[in-house]
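Comments concern the structure below.
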Ligand SMILES: [Zn+2]
């Protein structure tokens, strides 16, 4: 145990995910020796994450504006939506360079043991998005979304979530629904799948 502010800082870091007591101590001692302007930058970044981050009203991605950068990008294919559990999965798929559509972030996966049901996930807003129609040049209503790729994690909860959503999407007969191809390590987290495997899983996705 150290005295005063240093121990307070170590305690705070220890509460962060993935940071053990030793790392917390190492970071705190590191900060003790850093330049004041580095500390100011860190302080500003911490304040900004509380006040400056919102969720995209279209896809639920973490965003600075009301609409995230991906949804606002007119160069991206509006007809394809890739459904992921977390906003960090978007980064993983973006890194493959294989995907030019949009996303929908569920905010987790169905998990009865942890009491996470459909209402706790952004499923209703996904259905609304898919049901949304826009007029074409002749003024006829055309659905904006033609394909939904279910890219939930390849573990029990992710599979259950994908099949649950796939069942709901049967109500949209013109919609193509696909799931990332096999070859993904089972029981894993999308975050830890390497880019090549994920690329292949995307291009070889299976129609449901
Ligand atoms: Zn968005």
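One quarter of the surface of the convex hull around the alpha-carbon atoms of region 14-119 equals 10.0 nm², the direction-averaged projected area.
Distance between the modelled labels on residue 156 and residue 76, one decimal in nanometres: 3.3 nm (7 Å Cα→Cβ projection). Here each label is just a point 7 Å from Cα along the line to Cβ, and for residue 125 and residue 19 those points are 2.8 nm apart. Mind pulling the angle between the C-alpha long axis of helix 36-51 and the longest principal axis of the chain? Nearest 10 degrees, somewhere in 0 to 90. Between the helix axis and the principal axis of the chain, the angle is about 40 degrees. Name the shape class, rounded, prolate or oblate, that the alpha-carbon gyration tensor gives for region 76-179, where a ≥ b ≥ c are the square roots of its eigenvalues, rounded holds for a/c under 1.5, and otherwise prolate holds if a/b is larger than b/c and oblate otherwise. Judged from the Cα gyration tensor, region 76-179 comes out oblate (a/c at least 1.5, b/c at or above a/b). Taking R0 as 35 Å, what's the FRET efficiency between residue 1 and residue 37 from their Cβ-Cβ distance, rounded to 0.05? Using R0 = 35 Å, I get an efficiency of 0.70. Alpha-carbon geometry of the chain: the Rg and the Dmax are 20.8, 73 Å, given in that order.
The alpha-carbon atoms of region 6-52, seen along their principal axes, cover 29, 24, 16 angstrom, with the largest extent given first. Counting 0.36 nm for each residue step from residue 94 to residue 44 and taking away their Cα separation leaves a gain of 15.3 nm.
From the convex hull of the Cα coordinates of region 27-72, what is the mean projected area in square nanometres?
On the way: hull surface 16.7 nm².
Value for region 27-72: 4.2 nm².
Calculate how steeply helix 21-32 sits against the longest principal axis of the alpha-carbon atoms of the chain, using the helix alpha-carbon long axis, and give the answer as 0 to 90 degrees to the nearest 10. The angle comes out near 70 degrees.
Where only DSSP H runs of four or more residues are counted, the chain gives -12000 deg cm²/dmol as its mean residue ellipticity at 222 nm, each run worth -39500 (n - 2.57).
Bear in mind these aren't lab numbers, they're just calculated from the coordinates by the rules spelled out. Worth saying up front: this structure is predicted, and the values here are computed from it rather than measured. Positions of Cβ are generated from backbone atoms using ideal geometry, with glycine treated the same way; all protein chains shown enter the neighbour counts.
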